[in-house]
Amino acid sequence: MLQPGRRRAATRFAAAAALVVALAGCGKPPNLDREQQLAFARACTSLVERGLSDDDPPRDALLGGEEINLDDPVAFYSILERLRGASTFNLHDPKHSADTGRKPLDDCDTKPKVMSSLLGSRSDTTTTSTTSTTVTTTTVPGT
């Protein structure tokens with residue numbers, strides 16, 4: 001008799017094997033290239049979201065020269081769809097014929113918003129902070 005943990009693992013393996021067999025029998029789905037474009041767009045969105053989600057607010061960065069802000073979801077996804085929607089990943093474009101499978105996702109990394117000030121695309125602001133330290137010495141008589 002199988003232990004409960006092994007029984008679950010065997011059940012999962014059998015289910016996964018059945019799924020693979022079922023998918024293999026489906027043949028090539030129509031419009032596979034469009035599906036791949038959508039998959040790349042979703043993967044790109046996921047990479048950008050994960051890159052910003054661990055940051056402390058404001059969670060903003062530059063993508064394709066435009067500022068995106070995860071704290072404003074409506075604007076974030078609107079800009080992201082325009083910049084990195086499925087049409088971005090045109091697999092029939094001859095200039096990308098030599099790209100590897102991962103290559104289209106190379107354009108999905110963000111740049112820190114701080115970089116924009118170095119590049120001159122934002123107005124330059126400087127914040128100066130001054131810290132002073134006072135040291136007090138105490139003399140103990142007889143030492």
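Going through (1) modelled with pLDDT of 85 or more; (2) assigned to a loop (DSSP other than H, G, I, E, B); (3) not small (Gly, Ala, Ser) one by one, HIS92 falls short only on (1).
Taking the range 102-119 only, how many residues are hydroxyl-bearing (Ser, Thr, Tyr) and modelled with pLDDT under 80? Full working, then the answer.
Of the residues in the range 102-119, the ones hydroxyl-bearing (Ser, Thr, Tyr) are 110, 116-117.
Checking which are modelled with pLDDT under 80 leaves us with 116-117.
Number satisfying all stated conditions: 2.
In the range 47-65 there is no residue that is in a strand (DSSP E or B), modelled with pLDDT of 85 or more and surrounded by fewer than 14 Cβ atoms within 10 Å (Cβ to Cβ). The number of residues in the range 66-89 that are assigned to a loop (DSSP other than H, G, I, E, B) and either at positive phi or in contact with a Lys or Arg (Cβ under 7 Å, 6 or more places away or on another chain) (or both) comes to 2. The residue pairs whose first member lies in the range 47-59 and is without any contact (Cβ under 8 Å) to a residue 60 or more places away in the chain, whose second member is assigned to a loop (DSSP other than H, G, I, E, B) and hydroxyl-bearing (Ser, Thr, Tyr), and whose beta carbons are closer than 7 Å, counting only pairs six or more residues apart or on different chains, are GLY51/THR110; LEU52/THR110. Cβ-Cβ distances below 9 Å connect the following pairs, each with a first residue in the range 79-91 that is within 9 Å of ALA41 (Cα to Cα), a second residue that is hydroxyl-bearing (Ser, Thr, Tyr) and part of a helix (DSSP H, G or I), and a separation of six or more residues or different chains: GLU81/THR45; ARG84/THR45.
The values are calculated or read from the model by the stated rules, or taken from the named source; none is laboratory data. Note that the coordinates shown come from a computational prediction; the quantities given were computed from them, not determined experimentally. Here Cβ is always computed from backbone atoms with ideal geometry, including for glycine, and neighbour counts include all displayed protein chains.
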